[in-house]
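**Q** Right, I'll just put the structure down here and ask away after.
The numbers here are math on the coordinates, done by the rules we state, and not lab data. Small disclaimer: the values here were computed from a predicted structure and weren't measured. Glycine gets a Cβ as well: all are built from the backbone with ideal geometry, and neighbour counts include every protein chain shown.
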């Protein structure tokens, strides 16, 4: 190897190592975007949110499986600590914090779906956790529904 190639490799090595460290920086804790019920909020959604808030849970692991009439995907597991997303995985893959779910984001998803979709069905646990969500944008169209199954555990 020539001296020029050695010099070039020596100059590029720190850049390559820095680039490898980039994804680790993306894994830094990301604050959860808070859900705030509105004045005219759906009563079921507001009651569930109040139950959830009354528990004072800031540390949890939430697993969300999204299914539809499309390619089967593995569930997304999100670790929340002190209301911050600290790790998101899908199977063996680590994802960016922004690809994860929090309880607040699920409440926002349900609120948005209820304003846009023709049918939204939610099954709630006694703690105010949506264990099952069905979103049907149009009842006149077949096979475009999206289903979410949610499990919650403590770390």
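**Q** Take the alpha carbon gyration tensor of segment 30-153, find the square roots of its eigenvalues, order them as a ≥ b ≥ c, and report rounded if a/c is under 1.5; if not, report prolate when a/b exceeds b/c, else oblate. Don't skip to the end; give the middle numbers.
**A** Details: a/c = 1.95, a/b = 1.10, b/c = 1.77.
It comes out oblate by the Cα gyration axes.
**Q** Additional query: Between residue 143 and residue 90, 0.36 nm times their residue separation minus their Cα-Cα distance comes to what? Don't skip to the answer; put the middle values down first.
**A** Details: separation 53, 0.36 × 53 = 19.08 nm, distance 2.44 nm.
That works out to 16.6 nm of additional length.
**Q** Same structure, new question: At a Förster radius of 30 Å, what calculated FRET efficiency corresponds to the Cβ-Cβ distance of residue 74 and residue 154, to the nearest 0.05? List each step's numbers first, then the result.
**A** Details: r = 22 Å, r/R0 = 0.73.
Efficiency, rounded to the nearest 0.05: 0.85.
**Q** May I ask you to compute the full-extension gain from residue 81 to residue 66, defined as 0.36 nm times their residue separation minus their alpha-carbon distance, rounded to one decimal in nm? Mind dumping the intermediate values first?
**A** On the way: separation 15, 0.36 × 15 = 5.40 nm, distance 2.29 nm.
Using 0.36 nm per residue and subtracting the Cα-Cα distance, I get 3.1 nm.
**Q** Determine, for 140, 103, the number of other Cβ atoms within 10 Å of each Cβ, and report the residues in order from fewest to most.
**A** Working: 140 8, 103 26.
With the sparsest Cβ surroundings first, the list reads 140, 103.
**Q** Starting from the 7 Å offset along Cα-to-Cβ, what nm value, one decimal, do you get for the label separation of residue 55 and residue 121?
**A** About 2.3 nm, to one decimal.
**Q** Oh, and also: Quick one: 151, 85, fewest Cβ neighbours within 10 Å first, how do they rank? Before the final figure, lay out each step's value.
**A** On the way: 151 14, 85 25.
By the 10 Å Cβ count, ascending, the order reads 151, 85.
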